[in-house]
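The structure under discussion appears below in the form of structure tokens.
The values are calculated or read from the model by the stated rules, or taken from the named source; none is laboratory data. In this text the structure is predicted, and so the values were computed from the model without any measurement. Note that each Cβ is placed from the backbone with ideal geometry, even for glycine, and that neighbours are counted across all protein chains shown. The accessibility values were calculated without ligands, DNA or RNA, using every heavy atom of the protein model including side chains. Shrake-Rupley method; radii C 1.70, N 1.55, O 1.52, S 1.80 Å.
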Amino acid sequence: MSHQQFQKCIDECYACAVACNHCAASCLQEDNVKMMARCIQLDLECAAICRAAAELMSLGSQYSRHLCKLCAEICRACGDECAKHDMQHCKECADACYKCAEACEQMATAV
């Protein structure tokens, strides 16, 4: 499996990881950090799985499909949580998560 055919998914995964890191860091600056705990946790988990999925795809790993399926699930959960909040960083993160989830779902079924 050549990583070039999944470059869009790799790019979406890295973009999502960056958005999630930014969201988590921004949530930590909010007045009521405790209220943002679930968002921060999912941001960190999502960023981690996105980076891992991108790494495996870039290696042409036979396990990319499996990891991308899980990545899509976590991205959707993170996007759903971020969509609950009115902050701009959460909205941007939700958008990135949903784009990544779609790319990962397409990749998982294409392999």
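Taking the Cα atoms only, what angle lies between the long axis of helix 64-82 and the longest principal axis of the chain, rounded to 10 degrees? Between the helix axis and the principal axis of the chain, the angle is about 20 degrees.
Sorting the segments 58-70, 40-52, 24-36 by their residues' average number of neighbouring beta-carbon atoms within 10 angstrom, most packed first, yields 40-52, 58-70, 24-36. Here the simple spin-label model places points 7 Å from the Cα toward Cβ, and for residue 63 and residue 92 these points are separated by 3.3 nm.
Surface composition of the chain: carbon plus sulfur atoms hold 53% of the accessible area, using a 1.4 angstrom probe and ignoring ligands, DNA and RNA.
Candidates (1) 13.7, 47; (2) 14.8, 49; (3) 14.6, 42; which is the computed Rg and Dmax of the Cα atoms in Å? Matching the structure shown: (1).
The count of lysine pairs in the chain whose Cα atoms are under 21 Å apart, excluding pairs fewer than 8 places apart on the same chain, comes to 7. Quick check for you: which residues of the stretch 54-98 have the amide N under 18 Å from the point 7 Å beyond the Cα of residue 31 toward its beta carbon? Only 85-90 pass the distance filter.
Note: relative contact order over the chain, using C-alpha pairs below 8 Å and six or more positions apart, is 35 percent. Rolling a 1.4 Å probe over the protein heavy atoms gives the chain an accessible area of 54 Å² per residue.
Each Lys and Arg Cβ is given +1 and each Asp and Glu Cβ -1; about its Cα centre, the chain then shows a dipole of about 260 debye. For the stretch 32-44, the Karplus equation 6.51 cos²θ - 1.76 cosθ + 1.60, evaluated at θ = phi - 60°, returns couplings of 10, 4, 4, 5, 9, 4, 5, 4, 4, 4, 5, 4, 5 Hz by residue, with Gly and Pro reported as x.
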